[in-house]
Every structure is written in structure tokens, then in C-alpha cells.
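Below is one structure, written out as C-alpha cells; comments come after it.
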Amino acid sequence: MDLQQAWELHLSDNAVVDFLGGEPRSVPEHYREADPMQLKISQATEWLIHGAADDTVPPFLSRNYTEQKKKRGENVHYLEVSTAGHFDLIDPRSTAWPKVEGTVLHLLES
């Protein structure tokens, strides 16, 4: 949710550099156009679901995103699953999956 900070932290062997085609100083327009933290997203409701045990992308990135976007008046919600790691949130066999599935189903019914 914060590609600039993900680059600064060199997460996942600089996956952001591969994704955006370079570092921020080389392709600043890519970061400006693709980084959700830099974009105004006022017409949507955003939900972030993050695992507290995520050792690939630190949960503080999603917490900070949510806080910053709320300050800007955007409709952002955050759910942290205490036992979930990075891939648990997309694995239907994980113990975190029922929480993710329940949240998504509730949102779809709303």
C-alpha cells in the first residue's frame, strides 16, 4: 500500500523495483501513478486485511496507510489477523482463512 516505503525497506529483494521498472529516482512517474499511498482514492471503500505475523510485509505499513488515508478523509478500514503470516490470508487451508472469508462475505452482503 506504500510502494515508496516498500522500496526504502527493500522488501522481498526489491520486488517494487521489478514491479515498477526501477527505483523512485529513475521512474518517479511510475511511483506517482501506481502507489496507492500517493493516490487520492475518494470514491471507494478500502479494506486492508493484514497478518500480524507477516514477516514479508510488515503490518505497520498497512496500519500507517490506513491512518494516513483516514486523515485525508478517505474511507479505509483495517483488519489485522493476529496469527496470520503473509500467505495465510490467501490460503483456504490456513487457520486465518475463516476470518478473511467471513469478512469478505459480510462486505459483499452489505
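The values are calculated or read from the model by the stated rules, or taken from the named source; none is laboratory data. Just so you know, these numbers come straight off a predicted model, no measurement behind them. Only protein heavy atoms, including side chains, enter the accessible area calculation; ligands, DNA and RNA are left aside. Shrake-Rupley method; radii C 1.70, N 1.55, O 1.52, S 1.80 Å.
In Å², and per residue, what accessible area does the chain have when probed at 1.4 Å with the other protein chains present?
Computed with neighbouring chains in place, this is 63 Å² per residue.
Can you tell me the orientation of helix 59-71 relative to the chain, as the angle in degrees between its alpha-carbon axis and the longest Cα principal axis, to the nearest 10?
It is inclined by approximately 80 degrees.
Rounded if a/c is under 1.5, else prolate if a/b is larger than b/c, else oblate: which is the chain, with a ≥ b ≥ c the root eigenvalues of its Cα gyration tensor?
oblate
From the gyration tensor of the Cα coordinates in the range 1-60, what semi-axes in whole Å does the equivalent ellipsoid have, largest first, with each one equal to sqrt(5λ)?
Working: eigenvalues 78, 65, 11 Å².
Computed over the range 1-60, the values are 20, 18, 7 Å.
Can you tell which of G21, G85, G51 shows the greatest fluctuation in a Gaussian network model of the chain with Cα springs below 10 Å?
G21
Starting from the Cα gyration tensor of the range 39-89, take the square roots of the eigenvalues, sort them a ≥ b ≥ c, and report rounded, prolate or oblate (rounded when a/c is under 1.5, otherwise prolate if a/b is larger than b/c, else oblate). Each step should come with its number before you reach the end.
Values: a/c = 2.73, a/b = 2.22, b/c = 1.23.
In terms of gyration-tensor shape, prolate.
Expressed as a whole percentage, what fraction of the accessible surface of the range 24-110 belongs to carbon and sulfur atoms when a 1.4 Å probe is rolled over the protein heavy atoms? Mind dumping the intermediate values first?
Numbers: 3000 of 5580 Å².
Accessible surface attributable to carbon and sulfur in the range 24-110 totals 54 percent.
Roughly how many Å is it from the Cα centre of the range 63-110 to that of the range 6-37, as a whole number?
If we compute the Cα centre of each part, the gap is 23 Å.
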